[in-house]
1. Search region 49-68 for residues being farther than 19 Å from D22 by Cβ and not charged (D, E, K, R), and hand back the single one that is farthest from the chain's Cα centre (by Cα).
2. If a residue must be surrounded by 12 or more Cβ atoms within 10 Å (Cβ to Cβ), farther than 8 Å from K215 by Cβ and of a type outside the set (A, V, I, L, M, F, W, C), how many such residues does region 155-184 contain?
3. When G199 is evaluated against the numbered criteria (1) under 20 Å from the mean Cα position of the chain (by Cα); (2) surrounded by 11 or more Cβ atoms within 10 Å (Cβ to Cβ), which criterion, by number, is the only one it fails?
4. Restricting the search to region 99-127, which residues are β-branched (V, I, T), modelled with pLDDT of 95 or more and either in a helix (DSSP H, G or I) or out of contact with any strand residue (DSSP E or B) (no Cβ under 9 Å at 6 or more places or on another chain) (or both)?
5. If I ask for residues that are over 30 Å from N65 (Cβ atoms) and modelled with pLDDT of 95 or more, which ones from region 128-157 would you list?
6. May I ask you to verify whether H66 is touching a Pro at 6+ places or on another chain (Cβ under 7 Å) and either surrounded by fewer than 19 Cβ atoms within 10 Å (Cβ to Cβ) or not in a helix (DSSP H, G or I) (or both)?
7. How do the pairs read when you match residues in region 6-27 that are within 18 Å of Q77 (Cα to Cα) and not assigned by TED's automatic domain parsing to the domain that holds N148 with residues anywhere that are surrounded by fewer than 23 Cβ atoms within 10 Å (Cβ to Cβ) and hydroxyl-bearing (S, T, Y), using Cβ under 6 Å and keeping only pairs 6 or more apart or on different chains?
8. Could you go through region 49-56 and let me know if any residue there is in contact (Cβ under 8 Å) with a residue 24 or more places away in the chain and in contact with a His (Cβ under 7 Å, 6 or more places away or on another chain).
Amino acid sequence: MSTIIFGIHAVHEAIKSNQTLDKIFVDAAVQSSGIKEILKLAENASVQIAYVPHQKIDKLAKNGNHQGIVAKISPIQFHSLEAILEENQKTEKSKLYLILDGVSDVRNFGAIIRTAESVGVDAIIFPKQGSASINEQMVKTSTGAIFNIPLCKVDHTKDALFYLKSYGIKTIAATEKASKMVYDVNFRDSIAIIMGSEGKGVSKAALKMSDDKVKLPIFGETSSLNVSVACGAILYEVVRQRL
C-alpha cells in the first residue's frame with residue numbers, strides 16, 4: 001500500500017534519499033522552480049509523472065499545503081534497533097539516540113524528526129502503542145527529514161532501554177521532576193535522550209530505568225514546554241557540548 005506525501009521539500013527529499021516513488025502528481029497550472037527541479041530528478045530516476053487539475057491535487061493531499069505537488073511512495077521502512085546498535089558499535093564516535101515515549105501528536109513527532117535529523121541523531125526509537133502514525137502529515141511536517149534518519153519501532157520503551165543499556169548507552173530522561181538542569185549533565189558520551197508524551201511526560205517505567213534525569217529552566221508562568229520545542233533545546237545542548 002502506497003503512502004501519500006506532499007509539498008516541495010518532502011517530495012524532493014524522498015527522491016534524493018532514493019525512496020521508491022510510485023508516481024508523482026503535479027498541478028498542471030503550477031510552474032515553480034522547486035517543482036521543475038523535482039521533475040528533472042524524477043525523470044532521471046524514471047519516476048512516472050502525471051499532470052493533473054488543481055482539484056485532484058487537493059483531493060490527494062486532503063487539502064494540505066501541497067505547493068502543487070504530491071507523490072505516492074512505498075511505505076516507510078523501519079529499522080531493527082539491534083541492527084542499528086550493532087552497526088554503530090563499529091565506530092568510536094559518540095552516538096546520540098532519541099526515544100519518543102508515547103509522543104502521539106503527528107505534527108510534534110514530525111517537527112522532532114526534522115530537528116533530530118538536523119543535529120545528527122543516529123536513530124529515533126518509539127513504541128508501537130501510543131505513538132503517532134507515520135503518515136503524509138508527518139512527512140510534510142518533517143520537510144522530508146524522515147527519509148534521512150533511521151526509525152526504530154519497538155514493542156515497548158523498556159525493551160529499547162534494555163538494549164541500549166546492554167550496549168553501554170547512557171539513558172537520560174527529560175522530565176520536570178528532575179533535580180538537575182540540562183546544562184549540568186555530561187552529554188559527550190554515547191547517550192539516548194527520552195522525551196515523553198505531551199500530556200503525561202515520560203512513563204514511570206522509563207523514568208525508573210533511566211540513568212539520569214534532566215529538565216529545562218522555566219521562568220514564566222507556563223509550567224511546561226511543547227515536547228518538540230523542549231526536545232530541540234535539549235538536542236542543541238548536546239550539540240553545544242560536543243562542538
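1. P53
2. Qualifying residue count, region 155-184: 10.
3. (2)
4. Result: I112, I113, T115, V119.
5. T157 - this is the single residue of region 128-157 that is over 30 Å from N65 (Cβ atoms) and modelled with pLDDT of 95 or more.
6. no
7. Filtered contacts from region 6-27: T20/S74; D22/S2.
8. Looking for residues that are in contact (Cβ under 8 Å) with a residue 24 or more places away in the chain and in contact with a His (Cβ under 7 Å, 6 or more places away or on another chain), one finds none in region 49-56, hence no.
The values are calculated or read from the model by the stated rules, or taken from the named source; none is laboratory data. Given the structure is predicted, the values throughout are model-derived calculations rather than measurements. With ideal geometry, Cβ positions are generated from the backbone for all residues, glycine too; neighbour counts draw on all protein chains shown.
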